[in-house]
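The values are calculated or read from the model by the stated rules, or taken from the named source; none is laboratory data. Keep in mind that this is a model prediction, so the values were computed, not measured. Cβ: placed from backbone, ideal geometry, glycine included. Neighbour counts: every protein chain shown.
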Amino acid sequence: MTFKTTSASAVALAMALLAASVSAQTLADLRNDAATPNDVTTYGMGWGQQRHSALSQVTPANVSKLAPAWNLSLDSSANASTQPLLINGVMYIATHSHTIALDPVTGRQKWKTPIELPADINGYLCCGIQSRGMAALDGVLYRTTLDAHVVAVNMADGKQLWKIKAADYKQGYSMTHAPLIAGDTLITGISGGEYGTRGFLDGWDLKTGARKWHRWTTATAGEKGADTWKPGAAETGGGPTWLTGTYDPDLDLVYWGVGNGAPWNAAMRGGDALYTNSVLALRPSTGEVAWHYQFSPADPFDYDGVNELVMADLPIGGQSTKVLMQANRNGFFYVLDRTTGKLLKADQFARKVNWATGIDMKTGRPIATAMTETIRKNPEMAEAVEVWPSAYGGKNWMPMSFDPKRKLAFFNTVDLGMKVRYTKQDRPGGPNWWLGLELAGFVGPADGNRGALVAWDPASGKKAWEVLLKSPNWAGVLTTAPGLVFTGTQTGEFKAFDATNGRELWSFQTGSGITGLPITWEKDGRQYITVTSGAATVYGALAGDPELANVPAGSSLWTFALPR
């Protein structure tokens, strides 16, 4: 049966019947995702988003024999920056226009359900057409849509169970991320910071779609942190929450990153502009903030704090510590105590940073350069300045992997500067960027390498190795126990590297740029690796990268395995 917006009791009954009629997936399955090789039940391959697998059939010694098992067209030229789920022998994938179920061994489609979008949606979108993934529990898939709705889908046949409006897309809001299930609550964020929207997080009832709580991410009058804004500025102050958070069930805390302030011109906003460019630790049942840490106070450079927040146990000060890690767009790699929010480590990973000289470990604040201080104080500047990293960040949204045995993080970086002149700008309204600056262009490094694949030791704050790249990779990273690192290039190659030294071991051309999030899984004793191909990124459109001039569009889903 199909349910749209209807009574809570009717929806609850339908979902109870659904859970009884399928092999029910439980919260325990989500919690154990990283330890169960035959499925992928969460975004990030575990609540901690380590994107690491214990599977060991494919090794550095035999990975050169890896070959395609199947390929499925996703019937789109949009950005394929999504991660599939694999549950009870069925693979599920979200695109911006459809929800799809398929046989993971053959690639044969089981069902494909369209997403009903307004005809004028493209005219209101800020930064790309995509869907990054889904959440799942008890026979139900949960996803978001470009027109800022949250949808529950029957896992058995793809029929819609409920659909709830989170915000008005005509005000500049959109949703492209995977929801997060934490306990009995579904949590979603929002996109649209460049349009002068006000960011937020929502908690939803899993069975009915009823909103349980709503948490704004900018502090207005009467709220803690309101004095960090000019009067009224927080109402249109940005703070988008456009990437999926992580969840520690033992602490019962959800960690979610908050993005840039609006406009980018910090002098127009006022002070630190809480809680932009921060991580929030929230109680999932209520949305209460337990603690926060602001990576980039008074940020004028679009250094979003939304990058993935990876959970791990690290040796800090001679003892194992529950930590939260982020390679921030501002060029520094942060390690926080995830119980208290205390800053433990902050080290520069980007090859060039000129907006700050480091992070003050006593205050937790960046040590801003004179250029940055001048920009923060002056809403109008006569000349353009050159800033490193650029608004693309030292690392963009593409998620890292963490190998818990080697205690190394692996991620793709961006090495690009920008020339900007800050100007006063009234909020334009409608689907128009509100930046308060003029972008004069991007600046490449002297050696021509615009990015790298980096192996990083979070405990020491140093690189173990790096592979320099002419074009930065825009794909997620996957690691496996035998010491393999998988990622994709914007020119279409899906690659495997040796985790010990970064040596390239295997490459396969997928036909379009890769911005997908690879996963690995096992069926009947055979290990498979799956990734989407299909790039249509803001970087590709605006960065003037000569390496990408002839890369075709077209999204598809690839799965690889060793020959039988």
Residues being in a helix (DSSP H, G or I), surrounded by fewer than 18 Cβ atoms within 10 Å (Cβ to Cβ) and touching a residue at least 12 places away in the same chain (Cβ under 8 Å) - total across the stretch 209-232: 1
Any hit, the stretch 525-547, residues being charged (D, E, K, R), in a strand (DSSP E or B) and touching a residue at least 60 places away in the same chain (Cβ under 8 Å): yes
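Here is a yes/no grid of residues against (1) among the hydrophobic types (A, V, I, L, M, F, W, C); (2) under 26 Å from I181 (Cα atoms):
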| site | (1), (2) |
| --- | --- |
| M268 | yes, no |
| W291 | yes, yes |
| Q294 | no, yes |
| V306 | yes, yes |
| G318 | no, no |
| K322 | no, yes |
| A327 | yes, yes |
| D337 | no, yes |
Residue that is nearest to T197 (Cα to Cα) [pool: residues in the stretch 373-409 that are buried (at least 24 other Cβ atoms within 10 Å of the Cβ) and touching a His at 6+ places or on another chain (Cβ under 9 Å)]: S401
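Where in the stretch 322-372 are the strands (runs of 3 or more DSSP E), entirely inside, with at least 3 residues that are closer than 26 Å to R283 by Cα and not aromatic (F, W, Y)?
Working: elements: 332-337, 343-348, 356-359, 366-368.
Per the criteria, 332-337, 343-348.
Output the residues belonging to the stretch 427-438 that are at negative phi and at pLDDT 95 or above.
Listed by number, the residues that qualify are W434, L435, L437, E438.
Scan the stretch 474-495 residue by residue and report those that are surrounded by 24 or more Cβ atoms within 10 Å (Cβ to Cβ) and in contact (Cβ under 8 Å) with a residue 60 or more places away in the chain. Reasoning before the result, please.
Step one: filter the stretch 474-495 for residues surrounded by 24 or more Cβ atoms within 10 Å (Cβ to Cβ), giving 474-480, 484-490, 494.
Across the stretch 474-495, the qualifying residues are W474, A475, G476, V477, L478, T479, T480, L484, V485, T487, Q490, F494.
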Condition first: surrounded by fewer than 24 Cβ atoms within 10 Å (Cβ to Cβ) and modelled with pLDDT under 95. Now tell me which residues in the stretch 171-193 satisfy that. Q171
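Conditions tested, residue by residue: (1) under 18 Å from S556 (Cβ atoms); (2) part of a strand (DSSP E or B); (3) touching a strand residue (DSSP E or B) at 6+ places or on another chain (Cβ under 8 Å).
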position: Q83; (1), (2), (3): yes, no, yes
position: L86; (1), (2), (3): yes, yes, yes
position: I93; (1), (2), (3): yes, yes, yes
position: G107; (1), (2), (3): yes, no, yes
position: L117; (1), (2), (3): no, no, no
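If I ask for residues that are in a loop (DSSP other than H, G, I, E, B), small (G, A, S) and in contact with a Lys or Arg (Cβ under 7 Å, 6 or more places away or on another chain), which ones from the stretch 420-456 would you list?
Within the stretch 420-456, the subset in a loop (DSSP other than H, G, I, E, B) is 423-436, 444-450.
From the residues that got through so far, the ones that are small (G, A, S) too are 429-430, 436, 444, 446, 448.
G436, G444, G448 - these are the residues of the stretch 420-456 that are in a loop (DSSP other than H, G, I, E, B), small (G, A, S) and in contact with a Lys or Arg (Cβ under 7 Å, 6 or more places away or on another chain).
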With the condition kept exactly as written, say whether any residue in the stretch 10-21 is surrounded by fewer than 15 Cβ atoms within 10 Å (Cβ to Cβ), modelled with pLDDT under 95 and assigned to a loop (DSSP other than H, G, I, E, B). no
Criterion first (under 19 Å from the mean Cα position of the chain (by Cα) and assigned to a loop (DSSP other than H, G, I, E, B)) does L243 satisfy it? yes
Whichever residue in the stretch 107-145 is free of Cβ contacts under 8 Å to residues at least 40 places away in the same chain and farther than 17 Å from T95 by Cβ and, among such residues, is surrounded by the fewest Cβ atoms within 10 Å (Cβ to Cβ): A119
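Let me confirm something: among D524, D447, which residue is surrounded by fewer than 16 Cβ atoms within 10 Å (Cβ to Cβ) and under 27 Å from D39 (Cβ atoms)?
Working: D447 fails: under 27 Å from D39 (Cβ atoms).
From the options D524, D447, the qualifying one is D524.
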